[in-house]
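The next block holds one structure in the form of structure tokens; read it before the comments.
The values are calculated or read from the model by the stated rules, or taken from the named source; none is laboratory data. Being a predicted model, the structure only gives us computed values, none of them experimental. Glycine also receives a Cβ, built like all others from the backbone with ideal geometry; neighbour counts cover every protein chain displayed.
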Amino acid sequence: MRPIGDLSPAGGVSWTLDPAPRPRVMSGTMRADQLRDGVPRGPFGLSQRRVRPGVFGEPAFEAELVPESVCPARPHVLAWLAWRAMSAAGIKAGVAPALLSIYAGYRSVAFQAQVWEYRLRERAESRVSAGLPPLSQRDLERQQRKWTAKPGQSAHHTGLALDLGLYELGKRESRRSPAYTWLAANARDFGFYPYIPEAWHWEFNPPGLVTALAGFRRALAADAGPNAALTACCRALVDPG
Ligand SMILES: [Zn+2]
């Protein structure tokens, strides 16, 4: 067993993990027809496996989220472990570490509700100051849904969705970056799937995750200890069936 760091400053529990969650899904190469000028083609070369908040829910236990002292974005521990393996491989392959860093992770429904209300107000006010006629609440919300997930509907509620440092490059440049090409070819090998409209947004959702996560939560509820729960869960992911 190799320690992977102290994930519980409160309890002083040091998480150990054997093996690391690296679900074997496919080899990490892209076919030529999946690339256009070296850049992954839109939805045709990549497949999404969206993390539905209705399926996974918010983390049920504090121990599911990485403490802020370890990662301020507080991703789900499963996504974080897989991300560590992925980012190490990416850096080894020459990708700039900053582009693979975690920009955003877990976002609670309550926090998203504040963001939603704030942006809705901002949207209504900017129409007024631009001299445009006011929109109905329904139309305002419809416009806003293009840019902001409604509270309860964001994949970030699960902690399994990560916005990577690619975000800083902006919409166009992030997609054209070598970092994105590398992710498109390799992320699936670590259990990560893209959200096509946003090159920086990746979701940890390997096959078998629903069952593995349910087992993880059952073990935490039964007080099996975070390490035992995590190890069993990761084994189920790496070696499904
Ligand atoms: Zn995102």
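Descriptive notes on the structure:
- The residues of segment 135-192 that are among the aromatic types (Phe, Trp, Tyr) and not assigned by TED's automatic domain parsing to the domain that holds GLU117, listed by number, are TYR167, TYR180, TRP182, PHE190, PHE192.
- Condition check for TYR180: within 15 Å of ALA199 (Cα to Cα) and touching a Phe, Trp or Tyr at 6+ places or on another chain (Cβ under 6 Å): no
- Residues in segment 165-178 include at least one that is touching a Leu at 6+ places or on another chain (Cβ under 7 Å), away from the ligand (no atom under 16 Å from the Cβ) and touching a residue at least 24 places away in the same chain (Cβ under 8 Å).
- Check on ARG235, within 21 Å of the chain's Cα centre (by Cα), farther than 27 Å from LEU100 by Cα and in contact (Cβ under 8 Å) with a residue 40 or more places away in the chain: no
- Considering segment 181-199, and only residues there that are assigned to a helix (DSSP H, G or I) and in contact with a helix residue (DSSP H, G or I) (Cβ under 6 Å, 6 or more places away or on another chain), the residue that is farthest from GLY105 (Cα to Cα) turns out to be TRP182.
- Whenever a residue of segment 143-156 is assigned to a helix (DSSP H, G or I), its partners that are among the acidic types (Asp, Glu) and buried (at least 19 other Cβ atoms within 10 Å of the Cβ), lying with C-beta atoms within less than 7 angstrom and at least six residues away or across chains, give the pairs ALA155/GLU203.
- Selected residue [away from the ligand (no atom under 16 Å from the Cβ) and small (Gly, Ala, Ser)] from SER108, SER126: SER126
- Selection from segment 146-158 of residues that are at pLDDT 90 or above and surrounded by fewer than 17 Cβ atoms within 10 Å (Cβ to Cβ): LYS150, GLY152, GLN153
This table checks each residue for (1) at pLDDT below 90; (2) surrounded by 13 or more Cβ atoms within 10 Å (Cβ to Cβ); (3) not in a helix (DSSP H, G or I).
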| site | (1), (2), (3) |
| --- | --- |
| ARG74 | no, yes, yes |
| ALA79 | no, yes, no |
| PHE111 | no, yes, no |
| ARG121 | no, no, no |
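- Evaluation of ALA184 against (1) more than 16 Å from the ligand (Cβ to nearest atom); (2) at pLDDT 90 or above (one fails), failing number: (2)
- Checking each residue in segment 45-71 for being closer than 20 Å to TRP200 by Cβ and at pLDDT below 90 picks out GLY45, LEU46, SER47, GLN48, ARG49, VAL66, CYS71.
- Residues that are in contact with a strand residue (DSSP E or B) (Cβ under 9 Å, 6 or more places away or on another chain) and either β-branched (Val, Ile, Thr) or within 16 Å of the ligand (Cβ to nearest atom) (or both), drawn from segment 200-218: TRP200, HIS201, TRP202, GLU203, PHE204, ASN205
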